[in-house]
Every structure is written in C-alpha cells, then in structure tokens.
1. Round to a whole angstrom and tell me the spacing of the C-alpha centers of segment 30-67 and segment 220-295.
2. Quick check for me: using +1 on Lys/Arg Cβ and -1 on Asp/Glu Cβ, what's the dipole size of segment 192-296 about its Cα centre, in debye to the nearest 20?
3. Which of S15, S196, S223 ends up with the largest GNM mean-square fluctuation for the chain, with Cα atoms connected below 10 Å?
4. Just to be sure I understand the model, the point goes 7 Å from the Cα along the line to the Cβ. What's the resulting Y99 to V131 distance in nm?
5. Loop by DSSP (not H, G, I, E, B), at most 12 other beta-carbon atoms within 10 Å: where is the longest site-free stretch of the chain for trypsin sites (Lys or Arg not before Pro)?
6. Y172 to W57: FRET efficiency via 1/(1 + (r/R0)^6), r the Cβ-Cβ distance, R0 25 Å, to the nearest 0.05?
7. What number in nm² do you get for the chain if you take the convex hull of its Cα atoms and divide its surface by four?
8. Run the helix sum for the chain: -39,500 (n - 2.57) per DSSP H stretch of 4+ residues, divided by residue count, reported at 222 nm to the nearest 500 deg cm²/dmol.
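Any read-out appearing in this document is the output of simple, stated calculations on the displayed coordinates, not a laboratory observation. This structure is a prediction, so every number in the text was calculated from the model and none was measured. Note that each Cβ is placed from the backbone with ideal geometry, even for glycine, and that neighbours are counted across all protein chains shown.
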Amino acid sequence: MEDVIIIGAGLSGLSTAYQLKKAGISFKIIEAQDRLGGRIETIYGQDDTPMEMGATWFSSEHVNLLGLLSELNMGYFEQHTEGIALFETMSFEPPQQYYVPSNSHSAHRIKDGTYSIIEALNRHIGKERIVLNSKIVEIAAADNKLKITDSLNNHFFCKYVIVALPPQLAIYSIQFSPELPQTLIQVMQKTQTWMSGSIKFSVEYKKAFWKEKGFSGSIYSQSGLASEIYDHSNFEDTKFALKGFLNGSALHYTFEERKQKIMDQLKRYFGNDATEYMSYNDKIWNDTYIQSNNDTFLPPHFNNGHAVFEESYMNDKLFFTGTETAKTSSGYMDGAIMASKSIADKISKIIRQ
C-alpha cells in the first residue's frame, strides 16, 4: 500500500510526485489517458517542428515554474515579437500595422518544447510509479485507508489521496464515499477549467517568410477564424510555424474547413507565401479528459483558488491540487507547480508527525 496516490498525470500531478519523491514518501500516479501531460501537448510537424497544442507561455513573474526549470536544468527563451504586428477589425479592410521593438519581454517558452518538462519530471519520478489507461470512478473510505476503484474495477489502496484533476471534472466523474461537503461540491461544480473549450492551431513552414518581410508574426483579428496568431519558431530559429487560437465558431466546421479558412486568412495577410505550408494542425480542448458532461460556461478563473481547496476531506485523507486550486497564477503552469509544492509540503508534514 502506498502512502499517497495521485490522480492525474498532468503538470500538477507530476510535480507533486516530484516533490514527494524528494521527501522520501512512497506514491503512485494514476492517469486515465494513455499519455502524460494533461493540458501540455507538444506535437511535431513534417520537418520535426515542435508545435504547442496546449500550455505554451509564461512570464518572468512565474517564479515557481522558473524555479522548477532551474532544478531540472532546463532552459527557456523569449517569445519572438519584434517586427510589424497586425490588428484586424474587418476582413474587407487592410489590418492596422504597428511596430513592436525588440526585448519587449512579452512572454517566454521552454527551450525544447513545453512537453520536455513532462519528460524531465517523468525521468525523475520513474515510469514504474505511473499507471496509465486507468480512469478512476470511486474514492471510498475503508477502515483507516482509502480504496480507489477504476472503470475496469481495479482497486488501489493508500493512506492519502491527492486529486490533481480540474475540480469540475473530478466532482462529476468520481464518486466520493462518504459524500463530500455540499459547500465543496457546489464550488467544484462551478470552478472554471482553464483551456476548456479552447481551440489552438499551428501551421508549419519551411521558412519564416513573415520575419524576412519584417513582420513579427503577431496578429489580432476581430473578424477572422483565427483571433490570435504568433510566431512559433523554435529556440534555434531553425524550425518555423505560426500558432494561435481559433474563435468559438470553429467548432461548427470540419477539420478541412478550418484549415482552408485559416489558409485564406493567412494569405490575406502575407500573400501566396502563406499558402506554401508543410502541415496544418489544430486541437479542440473539449474531450472527456478536460470537460465533464455537465460543463457550462463560466467566466475565466471563476472560483479558481477558492479557500475550499486548501482544506482536507474524508477524515484528512483527501486533498486537491492543480492549477485551478492555486491562490495565484491559477490556470497557468506556474499555478500548477505552486499548488503541487503546497500540497506536497502539507502531506509531508502530516506523514512525519
């Protein structure tokens, strides 16, 4: 029997495990998907160009993430923004142009792709401590321990459980016995899940023609299917892509229709060079691993960092972590790491008492 079982192998679950391992506490991570990373997903194009479909950027204020990158000996670099940026209000009028100088310190990206932090944590944790393809459906008190059951009726036992899932997803997908307090249930049901419903896209190119023409790659549109677009060249500036966000109407189109609309939009900005792409990819973040069947619209960060997530439940054996539980930087990678450090420290103190 493990001291701790962590449910969810996203950044918060893995970084919690990383902290517990440093403290010498036994644990196991259980993940419903066949992959690690949660809302971090780096894909590779035809020219092996790394493109982020999930979490991408962070700032110099995100000290928890920066600290972990330092511990793991991982580098990062500044998001390219220098050059002519575009702002489009109507598709039938030329977009407004404005120049962004160098060293604008807008955002940073992880040097070898965001998923590299997942790979680094996995190496430190050890793959033998992680169970994939195991969707947890029940957490029940049993004597002086907790019994965890997955959808295949496999059972796991531990002294403490840390749920590292978005709160709204957890409350609608896992049965808790005995039932959790109504105050907690109501907050979890109304906690906005960051990135839920977001649609990200990327277009891979052989060369960064936009930079050659003096453009930054930064585009903001109020009329196109792509509402935000950014340069997505790698750290070495040897692999090139444009990446951004599609607006909500993209849900009503097929993949091929979305691709065509994006290529038409990019051609409007950059001419025929934009149509000579190597690959197009997009991802709609609305599957069962991020959205519950009861998902409803909530304002960004709604109930994120709520005080109920600081408490323990089921006779002080059940805890919650994740970016939505963080007091600050909720929704960001920094929030996930801050929450994981906090819960790992709390568990460590309890076990050592």
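1. Computed from Cα coordinates, the inter-centre distance equals 17 Å.
2. The calculation lands at about 180 debye.
3. S223
4. For Y99 paired with V131, the spin-label model returns 6.1 nm.
5. 1-206
6. 0.30
7. One quarter of the hull surface, i.e. the mean projection, equals 18.0 nm².
8. -7500 deg cm²/dmol
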